[in-house]
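**Q** This is the structure I have questions about; it appears just below.
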Amino acid sequence: MKNRATFLGAILFCLLFSFQGMAQDKGVNLGVDLASRYVWRGTDYGRAPSIQPTLEFSFGKLQVGAWGAFTTSQFLNFDDEDFFQETDLYINFDIIDALSVTLTDYFFPNDVRANNNWYNFDKDETGHILEGAITFNGTEKIPFSLMVATNLYGADARNADGDIFHSTYIELGYSSNWKGTDLDFFVGGTPNKADTDKYETGFYSDSPNVVNLGVTAKKELKVTDSFSIPVSASFITNPNAENVFLVFAFSF
């Protein structure tokens, strides 16, 4: 559909203004994370420190935002092939306090790619990936979380007929606090099994596997009596790829 970008923009416009009337809290969130690596669902993207900005508009239970990740390899004189960029748009709606649904548009800009076209939404050519996710965020009495996310449209693996593979990711988490430090344990994997005669390997694995296993520790680093910086450290393993990462991040 040639006008798909206009169509999606119209949906976003209608969502913003239809939810304004029911919103109790409105606001704009600006922030940036500085991370030693960008590791997402058990895979390292960019092999260099990453700058990750956020711009989010909140309308009560609805959040609309943009998030990005930009490796610093060019500034550190690494090879261009190590330079990784990502710019995502997302809409999140809190159904109830512990349950939310999210639609994310993933896109990976590349300054040296001649056919880098953000406005191309043709299903056979687009670099966009639309993912739908539903998340149970846990409660005080139930400190477990569960997320199920599936690619719905775009640049996922395909067969010869152009049918999308629909790569799926499922993650179970457990949250606790130990001596003032928040601890988030997680295990994530994919249930997909690719028929390699028909499909390319999916995003996470070509067979059901655990791809993301570890723990994140978070706390506030006190700078002055009135100012502190959230910091985190994540120990991440990918059993399927037999890889391991230790990621440290500041949030501003």
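Nothing in this text is a laboratory measurement; each read-out follows from the coordinates by a stated rule. Everything numeric here is computed off the predicted structure, so don't read it as measured data. Virtual Cβ from ideal backbone geometry, glycine too; neighbours counted across all protein chains shown.
**Q** So for each of 142-151, 207-216, 27-36 I average, over its residues, the number of other beta carbons within 10 Å; can you give me the resulting order with the highest mean first?
**A** Numbers: 142-151: 15.8, 207-216: 17.7, 27-36: 13.2.
Highest to lowest by the protection proxy: 207-216, 142-151, 27-36.
**Q** I would also like to ask the following. Consider a paramagnetic label point 7 Å from the Cα of Phe235 along Cα→Cβ; state which residues of the stretch 174-188 have an amide N under 14 Å from it.
**A** 183-186
**Q** So for Lys218, Lys179, fewest C-beta neighbours within 10 Å to most, what's the order? Don't jump to the answer; show the numbers that get you there.
**A** Details: Lys218 17, Lys179 5.
By the 10 Å Cβ count, ascending, the order reads Lys179, Lys218.
**Q** Next up: Full-extension gain between Phe144 and Leu183, please, as 0.36 nm times their residue separation minus the C-alpha to C-alpha distance. Mind showing how you got there, number by number?
**A** Details: separation 39, 0.36 × 39 = 14.04 nm, distance 1.20 nm.
Computed gain between Phe144 and Leu183 is 12.8 nm.
**Q** What are the ³J(HN,Hα) couplings of the stretch 86-95, residue after residue, when phi is run through the Karplus curve with 6.51, -1.76, 1.60 and θ = phi - 60°? Round to Hz, x for glycine and proline.
**A** 3J(HN,Hα) across the stretch 86-95, in whole Hz: 9, 9, 10, 10, 8, 10, 10, 10, 7, 5.
**Q** Would you please state which residues of the stretch 37-63 a label at Leu172 would reach in this model, taking the label point 7 Å out along Cα→Cβ and a backbone N cut-off of under 18 Å?
**A** Counting only backbone N, you get 42.
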